[in-house]
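Below is one structure, written out as structure tokens; comments come after it.
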Amino acid sequence: MKHYLMRHPAVSASGRCIGQTDLPLSEEGKASLDDLAQVVRRVAPDLLISSDLSRCRDFAKAAALRVKCPVRLDTRWREIHFGTWENRSWDEIRQADEAGFERWSLDFQHVSPPHGESFQDLLKRVAAAVKDLPRDQTALVTTHAGCLRALACLLKIISPERMFEWEVPYGALFELNLEDQLLVQQVTNAKLQPAFAC
């Protein structure tokens, strides 16, 4: 079964730590809605699945009107949660929590920001969401760069240590082929490939 995953349109983060902070689309993001909806139309999904954060949800709803298919919101496709660091500048975080920031920087896979998630937490969440993708319909998932990087790590396309080296542009679309049932911790028999990006 073939599915697609797309990063949401542009937002204005301006050097802040943005995970589950519910940012709206920027003017650039809003201006790209029609073009990105045309990309979705070419894919012709039966179902749109979306993070419930507005930068994904608003795009999914706009695209659904054009392709005439339902939208299902799924919180598991949200960006990683940075806890008390959310919506603060990285410089402010370093100054206010130097020791915590250093621990996280040295082992972000297992160390979480205060009241947030580690990368391992995100991996488990994304793996569970992928496992629940429909087997009888083509879905397009609108999600976040962190989830796409997590999936690439689960599929062993990139290593967690190098995941930030993989740039995921706004509006990038990826194809996911599921050839067998997926396990929560071990995603095999699947591949994630760039399809086209806007």
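The values are calculated or read from the model by the stated rules, or taken from the named source; none is laboratory data. Because the structure is a prediction, the values reported are computed rather than measured. Virtual Cβ from ideal backbone geometry, glycine too; neighbours counted across all protein chains shown. Heavy atoms of the whole protein, side chains included, go into the accessibility calculation; ligands, DNA and RNA do not. Shrake-Rupley method; radii C 1.70, N 1.55, O 1.52, S 1.80 Å.
Applying the set (1) in a loop (DSSP other than H, G, I, E, B); (2) more than 21 Å from the chain's Cα centre (by Cα) to Asp52 leaves exactly one unmet item: (2). So which residues in the range 43-58 are under 30 Å from Ile93 (Cα atoms) and surrounded by fewer than 20 Cβ atoms within 10 Å (Cβ to Cβ), if there are any at all? Correct list: Asp52, Ser54, Arg57, Asp58.
Counting only residues that are modelled with pLDDT of 80 or more, more than 25 Å from Ala10 (Cβ to Cβ) and either crowded, with 18+ Cβ neighbours inside 10 Å or in contact with a His (Cβ under 6 Å, 6 or more places away or on another chain) (or both), the range 161-198 holds 0 of them. Quick check on the range 74-96. Is at least one of its residues among the aromatic types (Phe, Trp, Tyr), touching a helix residue (DSSP H, G or I) at 6+ places or on another chain (Cβ under 7 Å), farther than 14 Å from Cys17 by Cα and in contact (Cβ under 8 Å) with a residue 60 or more places away in the chain? Yes, the range 74-96 contains at least one residue that is among the aromatic types (Phe, Trp, Tyr), touching a helix residue (DSSP H, G or I) at 6+ places or on another chain (Cβ under 7 Å), farther than 14 Å from Cys17 by Cα and in contact (Cβ under 8 Å) with a residue 60 or more places away in the chain. Given the structure, is Ala152 farther than 24 Å from Leu25 by Cα, crowded, with 16+ Cβ neighbours inside 10 Å, in contact (Cβ under 8 Å) with a residue 12 or more places away in the chain and within 18 Å of the chain's Cα centre (by Cα)? Here the answer is yes, as Ala152 does meet what is asked.
Selection of first residues in the range 1-19 that are in contact (Cβ under 8 Å) with a residue 40 or more places away in the chain and open to solvent by 50 Å² or more (accessible area, probe 1.4 Å) and of second residues that are assigned to a loop (DSSP other than H, G, I, E, B) and of a type in the set (Val, Ile, Thr), restricted to Cβ pairs under 8 Å at least 6 apart or on distinct chains, gives the following pairs, ordered by first then second residue: Met1/Thr138; Lys2/Thr138.
Of all the criteria given as (1) at pLDDT 95 or above; (2) hydroxyl-bearing (Ser, Thr, Tyr); (3) more than 15 Å from the chain's Cα centre (by Cα), the one not satisfied by Ser105 is (1). For the range 22-42, a residue qualifies if it is in contact (Cβ under 8 Å) with a residue 60 or more places away in the chain, closer than 24 Å to Asn177 by Cα and surrounded by fewer than 21 Cβ atoms within 10 Å (Cβ to Cβ), and exactly one does: Val39.
For the range 129-183, filtering for residues that are more than 21 Å from Met1 (Cα to Cα) and polar (S, T, N, Q) leaves 1.
Of the candidates Arg42, Arg57, the single residue that is of a type in the set (Lys, Arg), at pLDDT below 95 and assigned to a helix (DSSP H, G or I) is Arg42.
Among the residues that make up the range 132-149, is at least one of them more than 19 Å from Glu175 (Cα to Cα) and in contact with a strand residue (DSSP E or B) (Cβ under 7 Å, 6 or more places away or on another chain)? No, the conditions are met nowhere in the range 132-149.
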